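A.B. asks: The structure follows.
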Amino acid sequence: MLNIKKMNNKGFTLIELLVATCAGMILMAAMYATYRGQSTAHSTERLVVDMQENLRVAMHFLTSDLRMAGYDPSLTGQMKFQTAQEGQMVVWIDDRTNPDGVVQANEVITYALTNDADGDGINDGGPCHLGRQIGGGGLQALAENIDAIDFEYYDTAGNLLLNGAVNPNAVPAADLASNDIAYVQVTIVARAGEVDQGMIKTWTDNTIYTTPSGRVVLPAQNDDVRRRMLSFQVKCRNG
């Protein structure tokens, strides 16, 4: 008698194929979500590092220049703040390499935002940087992507000098003339310069940025732009 083995030709059923397909899709979705999350975290970290680097550059130059504000070895009485407003300042400095008492072009230093027509220290919209001007050469971008800058000027007694009757956002002319500014509180708000449109939008900036004294530097923007604020105090040479 011929012995014939029965062959098992059973394959996958339609239901099994559907289950396997769904499981594969779920696994792929989980892997993609993990990738997107890591990519967003990496992009955010890079943006934060860039903002912090911008702030460090701004702090370095401002600290160096403000420490020399009022440096007047020849006692001419000219080396002092010429403009001292909340959003911009101009100072004359007798360069220590040539302290001759005569104001040269490279001894006139201006700080202001490059896109701030009204001079209030807040970005008017679009690309805006912290500008530094030497003499009459025009503002050169010192720190990129700055949304706000604020200068607070104090006398030796710690009184805030932004209280003029004509312009409460500028130091009175009498205080400028008598060179009363002893130190300056600088507050800068930087923004992320490059936003990846593919990033997951999980951030809303509703922060009201203020100085240590409580003055508003930048109102809440309520957008998805990441920002960082730096505030520091610099004592002037005459203080």
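Quick note: the coordinates plus some simple rules give every number you see, no bench work behind them. Model, not experiment: these values are computed from the prediction. Cβ coordinates were reconstructed from backbone atoms using ideal geometry, including for glycine residues, and neighbour counts include every protein chain displayed.
A.B. asks: So for the pair ILE208, VAL49, with labels modelled 7 Å out along Cα→Cβ, what separation do we get in nm?
C.D. replies: Taking the two extended label points, one gets 3.5 nm.
A.B. asks: Ranking GLU53, GLU107, GLU16 by Cβ neighbours within 10 Å, fewest first, what do you get? Each step should come with its number before you reach the end.
C.D. replies: Working: GLU53 13, GLU107 21, GLU16 10.
Ascending Cβ contact count within 10 Å gives the list GLU16, GLU53, GLU107.
A.B. asks: Now a separate question. Using a Förster distance of 22 angstrom, determine the FRET efficiency expected from the C-beta separation of VAL57 and ASP124, and round it to 0.05.
C.D. replies: Once rounded, the FRET efficiency stands at 0.50.
A.B. asks: Right, here's the next one. On full extension of the chain, what length is gained from VAL90 through ALA173, given 0.36 nm per residue of separation minus the C-alpha to C-alpha distance?
C.D. replies: Residue separation times 0.36 nm, minus the Cα-Cα distance, leaves 28.5 nm.
A.B. asks: Mind listing the phi-derived Karplus ³J(HN,Hα) values for segment 110-116, rounded to whole Hz, using 6.51, -1.76 and 1.60 with θ = phi - 60°, and x for any glycine or proline?
C.D. replies: Ordered by residue, 3J(HN,Hα) equals 10, 10, 6, 7, 6, 9, 8 Hz.
A.B. asks: Whose amide H sits under 5 Å from the amide H of ALA69, counting only residues 5 or more places off or on another chain, with H placed in the peptide plane?
C.D. replies: For ALA69, whose amide H was placed from the backbone, the distant partners under 5 Å are ARG237.
A.B. asks: Sorting MET79, MET28 on the 10 Å Cβ count, fewest up front, what's the list? The partial results should precede the final answer.
C.D. replies: Values: MET79 26, MET28 10.
Least crowded to most crowded, the residues run MET28, MET79.
A.B. asks: What is the fewest-to-most order of ILE208, ILE109 by other Cβ atoms lying within 10 Å of their Cβ?
C.D. replies: Numbers: ILE208 10, ILE109 21.
Listing ILE208, ILE109 from fewest to most nearby Cβ atoms yields ILE208, ILE109.
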